[in-house]
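The values are calculated or read from the model by the stated rules, or taken from the named source; none is laboratory data. Keep in mind it's a predicted model, so treat the numbers as computed, not measured. Every residue, glycine among them, receives a Cβ derived from its backbone with ideal geometry; neighbour counts consider all protein chains shown. Calculation scope for accessible area: heavy atoms of the full protein, side chains included, ligands and nucleic acids excluded. Shrake-Rupley method; radii C 1.70, N 1.55, O 1.52, S 1.80 Å.
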Amino acid sequence: MKDKKEQIKALKVAFLTTELDLTTKEAEKFWPVYNTFDDKQFEIRHLKMKAYKQRMGEADLNRMTESQAVLLLTQMENTDEELFLLRKNYTKNLRKVLPAVKIIKLRISEEGFNRKLLHQYRDRGNRK
């Protein structure tokens, strides 16, 4: 799993580098900001959301009290807010490193990469 994650990360770095056409100076400043954001986002999404999903199995939901559900919903909203603030701060930091046009290109390129990755994953599944 870790090897697969590293492989995907390397592909993403190559893809974004090509799409953004970063100068050497931009790349030196961009990648530390990007990697810090990406690691923190991964941590929030996978650790916290994974814990929520474990508590939201159908059997667990059917046994959950209203107060437990309210607490879980509040925790989920707090995580959403944490992700929003993380992205907002990330964008603020990127503006010190890249022009706004490249930041927009970055967002579009990330979506394109994720879509491309999803299509490849689906295609592999269909071949089996």
> For the chain, what is the calculated [θ] at 222 nm in deg cm²/dmol (nearest 500), taking -39500 (n - 2.57) for each run of four or more DSSP H residues and dividing by its residue count?
Replying inline: -28500 deg cm²/dmol
>> Using just the Cα positions, wrap the chain in a convex hull and report its mean projected area in square nanometres, one decimal place.
In response: 10.1
> Among Ala100, Asn114, Thr18, whose Cα sits farthest toward the positive end of the charge dipole of the chain (+1 at Cβ of Lys/Arg, -1 at Cβ of Asp/Glu, about the Cα centre)?
Replying inline: Thr18
>> Angle check, please: helix 100-127 long axis (alpha carbons) against the longest principal axis of the chain (alpha carbons), in degrees 0 to 90, nearest 10.
In response: 60
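If each residue of separation counts as 0.36 nm, what is the full-extension length gain between Thr65 and Thr17 once their alpha-carbon separation is subtracted? Before the final figure, lay out the partial values.
On the way: separation 48, 0.36 × 48 = 17.28 nm, distance 4.88 nm.
So the extension gain works out to 12.4 nm.
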> Relative to the longest principal axis of the chain, what angle (0 to 90°, nearest 10) does the C-alpha long axis of helix 66-94 take?
Replying inline: 10
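Tell me the relative contact order for the chain as a rounded percent, counting alpha carbon contacts under 8 Å between residues six or more apart. Could the numbers behind the result be given before it?
Values: 37 pairs, mean separation 58.8, N = 128.
Relative CO of the chain lands at 46 percent.
For each pair in Lys2/Lys105; Lys29/Lys50; Lys2/Lys50, compute the distance between the two Cα atoms and list the pairs where it is over 26 Å.
On the way: Lys2/Lys105 28 Å; Lys29/Lys50 32 Å; Lys2/Lys50 17 Å.
Distance filter (> 26 Å) returns Lys2/Lys105; Lys29/Lys50.
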> Hey, any idea what % of the chain's accessible area is carbon plus sulfur with a 1.4 Å probe?
Replying inline: 56
>> Using Cα springs under 10 Å in a Gaussian network model of the chain, which residue among Glu66, Glu82, Glu111 shows the largest mean-square fluctuation?
In response: Glu66
>> Connecting C-alpha atoms closer than 10 Å in a GNM of the chain, tell me which of Leu73, Leu94, Leu16 has the biggest fluctuation.
In response: Leu73
>> If I model a spin label as a point 7 Å beyond the Cα along the Cα-Cβ vector, how far apart are those points for Lys9 and Lys53 in nm?
In response: 2.0
>> Compute the angle between helix 24-42 and the longest alpha-carbon principal axis of the chain, please, reported from 0 to 90 degrees and rounded to the nearest 10.
In response: 10
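Over the chain, with the other protein chains present, what is the accessible area per residue in square angstrom, probe 1.4 angstrom? Please report the intermediate quantities before stating the final value.
Values: 9720 Å² over 128 residues.
Spelled out: the 1.4 Å probe surface of the chain, per residue, equals 76 Å².
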